[in-house]
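A quick write-up on the structure given underneath.
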């Protein structure tokens, strides 16, 4: 049975009168993989550090299983952290790094041995016990950092951009490994990252933050397909965001034309953001129909081509597996479902 | 091209002021000149070295090391908490505090040591104070305690600075990580901060122990005219008695002893570094 293991109510943090975390609310279910996603400086790491007990909130409360923990220091919380640059102890070998937490709990040497071995198996580093942490690669250090945290069997594991320092290929492998570990161990993960793809790949729930505020909470599919505002739409994958006017329900005016859409509930003639994903747009060299434009640039991206098409009113970013030439005249097509209407932020 | 000439001053300096003097000392150590230093009849001899190991001189050597060791331990006990405190204050105060540690070193070494004569003398400020609060006067000047005090006073900054540097450079995330794993403040100190500051302690100890073991100024000023440490003994051979051969032998043996203690210290340090403290 899953329950709300962590609740954050009206949480506020200020540094020198600058509000870094601005009255945020969310909860985390047990055994859930939650990602706090946002650009750097959005307050995501500060939020994580408050949950970990490294920062004291200036307002609001953090509840663990309905118990307020604001004033409980990190060494008394049932939470462990994987730090951004791992923060491994340089004077201890891999075995001793992982055993550190267990030794503090005064656990018997024989059990420590078993649990360190289990943790090493989990991160696939068996046989590395005696190595110095300076003698292993970044990816391996990262695994040791994870092992050092999970060996304590915490209820909640906090991860602060743990894959940030790794190369792309290793990062992808580790994403899958982390997800596997989380499911195998049944631990709640709270993961902080600025990498939207990472968030979409691993999370059960994504919390999108910007400027200290929560922009949207939802599943990866919700966040991607139904972004609540232009910031989320732009941050989660690339987007075309145009100014538009909502003429009436299901009718949107932009690009000097009125188009059918699936959104309703806006005021008549309300100014809105019109969001269309680059991969939802089709191009055709048959220019009798659709929105007319001219190809300005083409970049090969592997799976698709990324093109910029300029019309009389806007520049459109378009992803297509078909390649068009620079300077070629094309028409732009999309369906009413591809148009996402969003209220303008203040 | 430029890189090639960069090492020239170093080579020149080392040869002129380290290598040649060292060779001269070795030369004098293993020779005698029965008809005086200015006569050209030097002959090979081990008697200088044998003389060093006579009980009378060994006792002086032992006492020098003893006092230097006591001074080093006191410096460590005073200096470590001081360095720790400085490393954990805000940037602004950190600079002020480091200044306060370093400023005495801007003053002339002799002057600083002379000042203690005024403080510790029979009618000095210290005894005036004791007298004032109704306690009997005590004789500190011209005792071992005064010499150790002089060593501690003069060499304390050399203990504080390297430890401070190591502590300041320490990654705060390590402390966070240890606390995250359940460590209390005292465990964090014992198992993380202290072991990681050992390189600073090693250089601090070397930088205090070496000058303290070979000093002759502090011991002759604060120990009195008859006071003998190995430094005074060597000074006497060169400046008063004129036996350069025995002076060189004493210097060589002192160097060897210091070298041995440094090797032991450094070995201890690197052992800690690689295998952990548990």
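Quick notes on this structure:
- Between residue B:125 and residue B:13, the contour length at 0.36 nm per residue exceeds the Cα-Cα span by 35.8 nm.
- Principal-axis tilt of helix A:168-185 within chain A, Cα atoms, nearest 10 degrees: 60
- 20 Å cut-off, amide nitrogen to a point 7 angstrom out along residue A:2 Cα→Cβ, residues in the stretch A:218-233: A:218-226
- Per-peptide average of other Cβ atoms within 10 Å, ordering B:85-91, A:46-52 highest first: A:46-52, B:85-91
- Mean separation of Cα contacts under 8 Å, 6 or more apart, over the residue count of chain A: relative contact order %: 15
- Fluctuation leader among A:111, A:31, A:177 - chain A, Gaussian network, Cα springs under 10 angstrom: A:111
- Where only DSSP H runs of four or more residues are counted, chain A gives -7000 deg cm²/dmol as its mean residue ellipticity at 222 nm, each run worth -39500 (n - 2.57).
- The listed peptides B:154-162, A:168-176, ordered by packing as a protection proxy, come out as B:154-162, A:168-176 (highest mean of other Cβ atoms within 10 Å first).
- Förster radius 60 Å - calculated FRET efficiency between residue A:321 and residue B:96 (Cβ-Cβ, nearest 0.05): 0.35
- Whole-angstrom gap from the stretch B:101-136 to the stretch A:258-333, using each part's C-alpha centre: 86
- Anisotropy class of the stretch A:220-346 from Cα gyration tensor, a/c 1.5 cut: oblate
- Averaged over the residues of B:183-195, the number of partner chain Cβ atoms lying within 10 Å of the residue Cβ comes to 3.
- Peptide A:79-88 has a mean of 4 when you count, residue by residue, the C-beta atoms of other protein chains within 10 Å of its C-beta.
- Highest GNM mean-square fluctuation among A:227, A:278, A:336, for chain A modelled with Cα contacts below 10 Å: A:336.
- Global form of chain B, assessed from the alpha-carbon gyration tensor, a/c cut-off 1.5: oblate
- Between residue A:279 and residue A:134, the distance separating the two model label sites (each 7 Å from Cα on the Cα→Cβ line) works out to 4.5 nm.
- The mean number of Cβ atoms from other chains found within 10 Å of a Cβ in peptide A:203-214 is 0, as a whole number.
- Remark: the Cα gyration tensor places the protein assembly as shown in the prolate category, a/c being 1.5 or greater and a/b exceeding b/c.
- Here the peptides A:94-105, B:22-33, B:99-110, B:168-179 are ranked by packing, the mean other Cβ count within 10 Å, and the order with the highest first is A:94-105, B:168-179, B:22-33, B:99-110.
- The simple spin-label model puts a point 7 Å past each Cα toward its Cβ; for residue A:12 and residue A:225 those points are separated by 3.9 nm.
- Most mobile of B:226, B:94, B:39 in a GNM of chain B (Cα contacts under 10 Å): B:39
- Cα→Cβ-extended label distance, 7 Å offset, between residue A:169 and residue B:6, nm: 3.6
- For chain B, calculated [θ]222 nm from helices alone, where every DSSP H run of n ≥ 4 adds -39500 (n - 2.57): -23000 deg cm²/dmol
All of the numbers you see were taken from the coordinates with simple rules; none came from a lab. The structure presented is a predicted model; accordingly, all values stated were derived computationally and were not measured. No Cβ is skipped: glycine too gets one built from the backbone with ideal geometry, and neighbour counts run over all protein chains shown.
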